[in-house]
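One structure is given below, encoded as structure tokens.
The values are calculated or read from the model by the stated rules, or taken from the named source; none is laboratory data. These numbers were taken from a predicted model, which means no experiment stands behind them. Using ideal geometry, Cβ is built from the backbone for each residue, glycine included, and neighbour counts are taken over all protein chains shown.
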Protein chains: 2
Amino acid sequence: MQENRSKRVILVGAGNVAWHLAPALTAAEHQVVAIYSRTPEQREALASRLPHATPLATPDFRSLDADLVLIAVPDAALEAVATQLQVNEGTLVAHTSGSQPLSLLGTVKGARAGVFYPLQTFSKTKPVDFKTIPILVEAQDEQTVAELELVANSISQQVHHVTSGSRKQLHLAAVFACNFTNHLLGITQELLQQAKLPADLLQPLIQETIAKALQQHPFNVQTGPAIRHDENVVQEHLRMLQPEPLYQELYLKLTRSIQAASGPHKKAEENNAG
Amino acid sequence: MQENRSKRVILVGAGNVAWHLAPALTAAEHQVVAIYSRTPEQREALASRLPHATPLATPDFRSLDADLVLIAVPDAALEAVATQLQVNEGTLVAHTSGSQPLSLLGTVKGARAGVFYPLQTFSKTKPVDFKTIPILVEAQDEQTVAELELVANSISQQVHHVTSGSRKQLHLAAVFACNFTNHLLGITQELLQQAKLPADLLQPLIQETIAKALQQHPFNVQTGPAIRHDENVVQEHLRMLQPEPLYQELYLKLTRSIQAASGPHKKAEENNAG
């Protein structure tokens, strides 16, 4: 393995994560030497964006003299893909998943296993600034952690060493913060459409709510009928949601959870919106 | 009633909404002539921010020759406050609540009733740009609507005339978009704390998620284990949430609601976070 800061990297996968990670590595003076993907169009499209990358059709990387193999494939495919890889003894092989453990890479013969998890959601069409994206690294020994940190620090200003257990909890937190929040915003859109109101009407209120929730503990700035224990409004909302039993149940559970989390005597900030 | 654009306004309430609304009206060359609040410190503090406003201790406004009375008090207090007001025949009296109907002001003798609802959450310590805040107006006759629109347009660039029914549905949508979203972000903070992870670790991901959800219909950009029908991850998350039965239930309901809303065959955008 080379000890200098510039690594020879192979990317496994050519989806949204690899699409942004590969140019970021290149810009940080690493060499992305190859892209392996089972989909010819994808591996070729990504390789063509990079100065020295070869699109690879097979997962045997032994002739490529790589320092680092980064696996950026969907979680569900990760184990199957890892099992097929063939690398030289001692090659550092890291996956980029938030939800999968380090131990999943135990099947890659001869490899030193690592995790290199960029904590962001990616779309091919939208540019990202990798400097602001936290990268979470993990490995079994300190030297491997240090190597991953070196690469992570070369593209991001926020690098954290966390265990698989913490990363799993972080992933659970991200499901609440992002997946579930997005769903609530989708329900919001449906409710606005039903009332023939413009889709962007709540945009300033949503932006302000999120900005506040990122500045202080959200439980301390909770507003609305639930925290005010305004049962009249709660019951009226439940009645309005009768045609949508799943949304009605969500409304009730979220209301009770707000009331339980904050306690009946906690003063919530006055507002005009909820 | 004066027909010119500058109105003589009395504000009822000196909380967060009045605190921002009064200077915005003054800046738009209306005259806020008085502030009525039952709390002396509050009415004096707000009156002292305005050039010509008198703090009032009684709800009899008949000697003040006002064009417009704006009631900005908590929803729960609105009906009781409205009943006590005494105004000259024909005075326009509007409340600023998102959840309360126009008809609630029927108890104000001789008044023409209106709604003047600024759709934003306010804190005294945080300045707001009223121009970007949607204002929803309602009244029983077109002339009164036009008067309210004139005032609303003088401080905001987004004025909508909506019925009490639509406004009620909007309020329900805002509960999902803001109150419930805030609660999910609070749960997120608790989960991060449990894992001793930094509170701001998910911030870039949250900001990106919200930005996407505001650009497209959130159901079309839904990501995560629920939409992928990744039952292994879902079951593992439910197991991790066993110590918090309310959060566990929320997780399950939100997951099933995501799956029902989007259908099992809908392609969700690949991501690396959820």
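Determine if the range A:54-61 includes at least one residue that is of a type outside the set (Ser, Thr, Tyr) and surrounded by fewer than 17 Cβ atoms within 10 Å (Cβ to Cβ). Yes: one or more hits. Exactly one residue out of A:GLU208, A:GLU249, A:GLU244 is at the interface with chain B (Cβ under 7 Å from one of its Cβ atoms), free of Cβ contacts under 8 Å to residues at least 60 places away in the same chain, out of contact with any helix residue (DSSP H, G or I) (no Cβ under 7 Å at 6 or more places or on another chain) and surrounded by 16 or more Cβ atoms within 10 Å (Cβ to Cβ): that is A:GLU208. Provide a single number: the residues in the range B:1-41 that are within 14 Å of another protein chain (Cβ to nearest Cβ), of a type outside the set (A, V, I, L, M) and buried (at least 18 other Cβ atoms within 10 Å of the Cβ). Number satisfying all stated conditions: 6. Residues in the range A:82-103 that are of a type outside the set (S, T, N, Q) and surrounded by fewer than 21 Cβ atoms within 10 Å (Cβ to Cβ): A:GLU89, A:GLY90, A:PRO101, A:LEU102. Residue check: A:LEU201 meets all listed conditions (1) outside any helix (DSSP H, G or I); (2) in the same structural domain as A:LEU25 (by TED's automatic domain parsing) but one, namely (2). Scan the range A:104-129 for residues that are in contact with a Ser or Thr (Cβ under 7 Å, 6 or more places away or on another chain), at the interface with chain B (Cβ under 9 Å from one of its Cβ atoms) and either of a type in the set (A, V, I, L, M, F, W, C) or over 16 Å from B:ILE206 (Cβ atoms) (or both) and jot them down. Hit for the range A:104-129 is A:TYR117, nothing else.
For A:ALA57, the criteria (1) under 22 Å from A:HIS20 (Cα atoms); (2) within 24 Å of the chain's Cα centre (by Cα) hold in every case but one, which is (2). With respect to B:GLN203, determine if the residue is without any contact (Cβ under 8 Å) to a residue 24 or more places away in the chain, surrounded by fewer than 22 Cβ atoms within 10 Å (Cβ to Cβ), over 21 Å from B:LYS253 (Cβ atoms) and more than 7 Å from chain A (Cβ to nearest Cβ). No; evaluated as a whole, the condition is false for this residue.
So in the range A:104-126, with the set limited to residues that are without any contact (Cβ under 8 Å) to a residue 12 or more places away in the chain and out of contact with any strand residue (DSSP E or B) (no Cβ under 9 Å at 6 or more places or on another chain), which one is surrounded by the most Cβ atoms within 10 Å (Cβ to Cβ)? Among residues in the range A:104-126 that are without any contact (Cβ under 8 Å) to a residue 12 or more places away in the chain and out of contact with any strand residue (DSSP E or B) (no Cβ under 9 Å at 6 or more places or on another chain), the one surrounded by the most Cβ atoms within 10 Å (Cβ to Cβ) is A:LYS126.
Looking at the range A:38-64, which of its residues are outside any helix (DSSP H, G or I) and of a type in the set (A, V, I, L, M, F, W, C)?
Of the range A:38-64, the ones outside any helix (DSSP H, G or I) are A:38-39, A:48-64.
Answer for the range A:38-64, where residues must be outside any helix (DSSP H, G or I) and of a type in the set (A, V, I, L, M, F, W, C): A:LEU50, A:ALA53, A:LEU56, A:ALA57, A:PHE61, A:LEU64.
For the structure I just gave you, tell me whether B:ALA66 is in contact with a strand residue (DSSP E or B) (Cβ under 6 Å, 6 or more places away or on another chain), surrounded by 14 or more Cβ atoms within 10 Å (Cβ to Cβ) and in contact (Cβ under 8 Å) with a residue 40 or more places away in the chain. In short, yes.
The residues of the range B:69-102 that are more than 14 Å from chain A (Cβ to nearest Cβ), touching a residue at least 40 places away in the same chain (Cβ under 8 Å) and under 23 Å from the mean Cα position of the chain (by Cα), listed by number, are B:VAL69, B:VAL81, B:LEU92, B:LEU102. Of all residues in the range A:134-152, those satisfying the criterion of being crowded, with 20+ Cβ neighbours inside 10 Å, hydrophobic (A, V, I, L, M, F, W, C) and either in contact with a Phe, Trp or Tyr (Cβ under 9 Å, 6 or more places away or on another chain) or without any contact (Cβ under 8 Å) to a residue 12 or more places away in the chain (or both) are A:ILE135, A:LEU136, A:VAL137, A:LEU148, A:VAL151, A:ALA152.
Take the conditions under 30 Å from A:VAL87 (Cα atoms), part of a helix (DSSP H, G or I) and modelled with pLDDT of 95 or more and apply them to A:LEU172. Does it pass? Considered against the rule, which asks whether it is under 30 Å from A:VAL87 (Cα atoms), part of a helix (DSSP H, G or I) and modelled with pLDDT of 95 or more, A:LEU172 comes out as no.
Being aliphatic (A, V, I, L, M), more than 14 Å from the chain's Cα centre (by Cα) and within 9 Å of chain A (Cβ to nearest Cβ) is the requirement here; does B:LEU172 meet it? No.
The sole residue among B:ASN153, B:ASN182, B:ASN232, B:ASN220 that is facing chain A (nearest Cβ under 7 Å), of a type in the set (S, T, N, Q) and in a helix (DSSP H, G or I) is B:ASN182. Scanning the range B:99-137 for residues that are small (Gly, Ala, Ser) and modelled with pLDDT of 90 or more gives B:SER103, B:GLY106, B:GLY110, B:ALA111, B:ALA113, B:GLY114.
Against the conditions (1) more than 30 Å from B:GLN215 (Cβ to Cβ); (2) part of a helix (DSSP H, G or I), A:GLU89 satisfies every one except (2).
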